[in-house]
Amino acid sequence: MQLNALPKSPTRPLTLPLAGRPHPFRRFSRRLIPLLSLGLLLLGWQVVTMLELYPAFIIPSPAAVLEKAIEVTGDGRLWLHASTTLAAVLSGLAVGVLAALALGYAIAKSVLLETVLSPVIVALQSTPVVAYAPLLIIWFGSGLTSKIVTGALIVFFPMLINTVVGIRGVPSDLRDLLRSMEATRWQTFVKLEVPAAMPVLLSGLKISATLAVIGAVVGEFVSANAGLGFLINLARSQYDTPLVIVAVLTLTVMARLLYGTATWFERRALAWRARGR
Amino acid sequence: MSARITASELAAAYQTPDGDTLPALGPVSFHVEAGSFVCLLGPSGCGKSTLIRLLAGLQRPSRGQALLDNHVIMQPSRRVGLMFQDANLMPWRTVLDNLTLPLEVAGVPKDERLAAARALLPALGLADFEAAYPGALSGGMAQRVALGRVLIQKPDALLLDEPFGALDAMTRERISLDLMDMWERQRQTVLMVTHDIHEAALLADRVLVFSRRPGRIAADIRVTLPRPRRLEDTYGAAFGQIAGQVRAAISRT
Ligand SMILES: Nc1ncnc2c1ncn2[C@@H]1O[C@H](COP(=O)(O)OP(=O)(O)O)[C@@H](O)[C@H]1O
Ligand SMILES: [Mg+2]
């Protein structure tokens, strides 16, 4: 795939417009139904364990998992591993996003650069990060650095695409208008390119936020001495299935919180869209 | 202030994907006298937009020169204001902030730019809309904001490329009359591309009709109707005669 084979970037925002004020019942049910399905899931889980279809080390009961969660929260292990992973996630996200923004902007502006770089980028993207993660461990050791690199790499490509699409999608008539106002390059960047590309950049950030978690965990799976990925591996080798589940759920919460933060940020930055466009 | 626009043996060509050159315009030579209002008509694809881009300094000619007063146009200038068929507003800025954009780019202090924009709002019929976002505006209102945005930088010349071409007949008539009013007070030089004979004859001092691509001047018709003009003038015989002349010139292209 060539970068320029991408769909001609939309100048309209990609996300759906905010819905109008929902009907009171719908608003109520929208909050209730997710809780209900979660409850059903828990109930099903409880029933399966009560029927003792599987031994407890394969499917532990919800109570056992809760107990384990309280235990590892109390002795500080969960926080230790979660904060290690979170640090890797946030750094990987920052590095990957910033690199993608810088390179994406340059590629959007230069056909030559696109031609030179796209084979490398596409090759990199087509190879699963998990496959070359061991290589990264060899190069960068089993500490934070290699986790940041795996996270950054996994975040990089989607963010790069969104940057290229966003910057290329800046309406050329608006560019011409700014030229006719004798705007400097910097003014064009700040007053036109950044805000015009913002909707596409922010949807890239949302995707990246969840991918960064995957990246960090991949790094921890391959080799690490701390972090939730490491904890999962360790607990599995000790048949401590409740701990595996606790660590997985912590990752779920972490990814969800990151996504939520990105969505919140998007809503604030694009508030103008809700006020009619 | 107003500036004289000159095209001297001006021609433009584009490169086709197969490497051929496609002549798009000219060569044409003409003057737009300082402070006059000239309308340009011609078949679609004859190079009208290309001419506007050359005069705006957005594109280099393949031959000849474009001049503003006696200076060769080499790059865009604040002295020349531009307007296209689409309003091209920034959807993330309010009406007020869209209006002040050119002043912001020029480094005018904030209170001055706001004062200038607020002074323009009533004449544009946008008095109650300064805090609105473009998404909430009708096509006509958006184009009024675009008109205000180009007038606020007090250009010496205006290049308008079918500015009202996307509006319905009634809206375009009202907005073109408003443009005429504002022009009669300021007397910038105006070169306006239009495909509306009626609009051209009502607004212009002179109507240029271009031939098919590559566009050249096929007719140069003076509109001698007295000013200030009003919509009622268009029912008169003198107006009808000029409109007929323009129509005849177009059908010969
Ligand atoms: N950027 C471009 N690249 C190649 N050809 C172009 C480009 N812009 C315009 N043309 C061609 O030049 C001719 C004149 O175009 P244009 O100036 O837009 O005409 P008009 O505005 O009178 O309709 C057309 O044949 C058009 O296809
Ligand atoms: Mg055109």
Return the only residue of B:GLU104, B:GLU112 being within 11 Å of chain A (Cβ to nearest Cβ) and without any contact (Cβ under 8 Å) to a residue 12 or more places away in the chain. B:GLU104
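B:SER44: within 14 Å of chain A (Cβ to nearest Cβ) and within 16 Å of ligand 2 (Cβ to nearest atom), yes or no?
no
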Select from the stretch B:177-191 the residues that are closer than 15 Å to B:GLN143 by Cα and surrounded by 22 or more Cβ atoms within 10 Å (Cβ to Cβ) and list them in ascending order. B:LEU179
Among the residues of the stretch A:178-187, which ones are part of a helix (DSSP H, G or I) and facing chain B (nearest Cβ under 8 Å)? A:LEU178, A:ARG179, A:SER180, A:GLN187
Has the stretch B:129-136 got any residue that is over 20 Å from A:ALA196 (Cα atoms), in contact with an Asp or Glu (Cβ under 9 Å, 6 or more places away or on another chain) and within 13 Å of chain A (Cβ to nearest Cβ)? no
Odd one out for B:ASP161 among (1) in contact with a strand residue (DSSP E or B) (Cβ under 8 Å, 6 or more places away or on another chain); (2) surrounded by 24 or more Cβ atoms within 10 Å (Cβ to Cβ): (2)
Filter the stretch A:248-277 for residues that are surrounded by 15 or more Cβ atoms within 10 Å (Cβ to Cβ) and polar (S, T, N, Q); the one that is farthest from B:PHE129 (Cα to Cα) is A:THR250
Counted residues in the stretch B:218-246 being crowded, with 17+ Cβ neighbours inside 10 Å and in a strand (DSSP E or B) come to 3
Residues within the stretch B:51-88 that are within 16 Å of ligand 2 (Cβ to nearest atom) and touching a residue at least 60 places away in the same chain (Cβ under 8 Å), tallied: 9
The one condition in (1) surrounded by 23 or more Cβ atoms within 10 Å (Cβ to Cβ); (2) modelled with pLDDT under 90 that B:GLN143 fails to fulfil: (2)
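Residues to consider are A:THR241, A:THR188, A:THR184, A:THR252; find the one that is under 21 Å from the mean Cα position of the chain (by Cα) and at negative phi.
A:THR252
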Just for the stretch B:174-221: of the residues that are basic (Lys, Arg) and within 15 Å of ligand 2 (Cβ to nearest atom), which one is nearest to B:ARG252 (Cα to Cα)? B:ARG212
Here the residues within the stretch B:157-203 that are within 16 Å of ligand 1 (Cβ to nearest atom), under 13 Å from B:LEU82 (Cβ atoms) and part of a loop (DSSP other than H, G, I, E, B) are B:GLU162, B:PRO163
Mind counting the residues in the stretch B:21-51 that are more than 11 Å from ligand 1 (Cβ to nearest atom) and assigned to a loop (DSSP other than H, G, I, E, B)? 4
Evaluate the stretch A:154-177: report whether one residue or more is farther than 22 Å from B:GLY81 by Cβ, within 14 Å of another protein chain (Cβ to nearest Cβ) and not in a helix (DSSP H, G or I). yes
Name the residue, out of A:VAL218, A:VAL194, that is within 14 Å of chain B (Cβ to nearest Cβ) and either assigned to a helix (DSSP H, G or I) or of a type outside the set (D, E, K, R) (or both). A:VAL194
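The values are calculated or read from the model by the stated rules, or taken from the named source; none is laboratory data. Model, not experiment: these values are computed from the prediction. Neighbour counts are summed over all protein chains in view; Cβ atoms, including those assigned to glycine, are modelled from backbone coordinates with ideal geometry.
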